[in-house]
């Protein structure tokens, strides 16, 4: 049976990333815009967390959890790649892992 906390976590990370990408249907958009956090890097950080969740939970999710995580990651990878002008799956400058030498900036 799906854990509602896991589904909620995936939905929250996805919503935050969508808002940071400026997608108007995201419930987080207005809050992030007000806080000055509306940028691709915020979306990339949320996506990196979703990628880590996928790696750490591989083989331990039920079908609903796996589908929610896969859908969130796929749509965000595609949207970030679109904004960066690269095809999904290609590395983008400054993308997840692309600026690891600089470390996190808050």
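The values are calculated or read from the model by the stated rules, or taken from the named source; none is laboratory data. Quick caveat, the model's predicted, so the values are computed rather than measured. In this analysis, Cβ positions are derived from the backbone assuming ideal geometry, glycine residues included, and neighbour counts consider all displayed protein chains.
Remarks
- Tallying residues that are crowded, with 16+ Cβ neighbours inside 10 Å and within 13 Å of residue 11 (Cα to Cα) within the range 50-72 yields 7.
- Test for residue 3: is it on the phi < 0 side of the Ramachandran plot, surrounded by fewer than 14 Cβ atoms within 10 Å (Cβ to Cβ), modelled with pLDDT of 65 or more and over 12 Å from the mean Cα position of the chain (by Cα): yes
- Leading residue by the ranking (modelled with the lowest pLDDT) among those in the range 73-89 that are assigned to a loop (DSSP other than H, G, I, E, B) and surrounded by 11 or more Cβ atoms within 10 Å (Cβ to Cβ): 88
- The C-beta contact set for the range 1-13 (first residue closer than 11 Å to residue 69 by Cα, second residue surrounded by fewer than 14 Cβ atoms within 10 Å (Cβ to Cβ) and at pLDDT 90 or above, distance under 9 angstrom, 6+ apart or interchain) comprises 6/57; 7/64; 10/71.
- Any hit, the range 21-33, residues being crowded, with 16+ Cβ neighbours inside 10 Å and at pLDDT 90 or above: no
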